[in-house]
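Following: one structure in structure tokens, then a few remarks.
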Amino acid sequence: MKTKTSILFIVTSLLTIHLASAQMLRKKIGKSVEVLRTQINTLPKEKINELDQVAFKIYKNCYNNSDASVLFIDQTNTQNSQLAMIWLKTGLAYYAIDINVQSAGVSLENKPISNLNSLSDYGFVIKTPSNEKPNLYTVIYGRSGSWSVFPKALSDIKKNNPMDIKIIVDKALNDKGIALMKLELNEEDIPLQIIYIAAQLDHLIKNKI
């Protein structure tokens, strides 16, 4: 009887933590994540195998390692790398997983981040840059939570931990020895595929694989 009570307490505690974490996100964002989760079975088997490898590597290198980061890379840090970073941060918040996520470009250009407006459809609020800081965006994901998003070069990433997971998400960018792996992502595929990675991380953590 005590064992059953203990198990019930643990399950209830985990559900409470999960719900509290999901509530960090704006209501529409949380619902968007739920919808994306129902679409996971539409991913091709080959893509799932690819995403599983990414999730497992992140789990092994970054979970319980506060010094390690996931780093998404494209040419100028103004396209897929920013969206991949935001969606992984979102998925990790949903599942209450503490892993550091960043993005960077091989080089920088003085131009705006081109595709953040697509986030509005999922419930995010995007504050556009000011004249003083023309390339600094604020992405609001909760009542009191936001991320500052701006282009960074690889050289701007202060720490270079060998355990960092560097992932190229730019089809036109060849691997020049700067990244551990490459993930083929179209802009419209990013939300579903990155939320899948977060869901798989949650599975790995809960099952202590």
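The values are calculated or read from the model by the stated rules, or taken from the named source; none is laboratory data. Note that the structure is a prediction, hence the values are computed from the model and not measured. Please note: Cβ atoms are built from the backbone with ideal geometry, for glycine as well, and neighbour counts cover all protein chains shown. Heavy atoms of the whole protein, side chains included, go into the accessibility calculation; ligands, DNA and RNA do not. Shrake-Rupley method; radii C 1.70, N 1.55, O 1.52, S 1.80 Å.
Can you report the principal axis dimensions of the chain using only the alpha carbons, biggest first, rounded to whole angstrom?
Ordered largest first, the chain gives principal extents of 65, 36, 34 Å.
In the chain, what percentage of the DSSP-assigned beta bridges are antiparallel, given to the nearest 5?
Taking every DSSP beta bridge with both residues in the chain, the antiparallel ones total about 35 percent.
Lys/Arg Cβ at +1, Asp/Glu Cβ at -1, dipole of the range 47-152 taken about the Cα centre: which of N135, N115, Q79 is farthest positive-ward?
About the Cα centre, the residue reaching furthest to the positive side is N135.
Only helical DSSP H runs with n ≥ 4 go in: add -39500 (n - 2.57) per run for the chain, normalise by residue count and round the 222 nm mean residue ellipticity to 500 deg cm²/dmol.
Roughly -13500 deg cm²/dmol at 222 nm, from the helical runs in the chain.
Can you list the aspartates and glutamates whose alpha carbon sits under 14 Å from that of K152, skipping same-chain ones fewer than 8 residues off?
D74, E109
Could you give me the ³J(HN,Hα) list for the range 66-79, computed from phi with Karplus coefficients 6.51, -1.76, 1.60 and θ = phi - 60°, whole Hz, x at Gly and Pro?
In residue order, the calculated couplings are 5, 8, 9, 10, 9, 10, 8, 10, 10, 5, 10, 6, 10, 9 Hz.
Taking the range 76-157 as the region of interest, what is the percent of Cα-Cα pairs per 5 angstrom bin, listed from the shortest bin to the one with the maximum distance?
Over the range 76-157, the share of Cα pairs per 5 Å bin runs 3, 14, 25, 27, 19, 9, 2, 0 percent.
Give me the percent relative contact order of the chain, please, defined on Cα pairs under 8 angstrom at least 6 residues apart. If you can, show how the numbers build up before the last one.
On the way: 334 pairs, mean separation 58.7, N = 209.
It rounds to 28 percent for the chain.
How many Å² of accessible area per residue for the chain, probe 1.4 Å?
Details: 11600 Å² over 209 residues.
Here the per-residue accessible area is 55 Å².
Keeping the other protein chains in place, figure out the carbon and sulfur percent of the accessible area of the chain, with a 1.4 Å probe. Don't skip to the answer; put the middle values down first.
On the way: 6080 of 11600 Å².
The nonpolar share, carbon plus sulfur, comes to 52 percent.
Net charge near K28, counting Lys/Arg +1 and Asp/Glu -1 over other residues with Cβ under 13 Å of its Cβ?
+2
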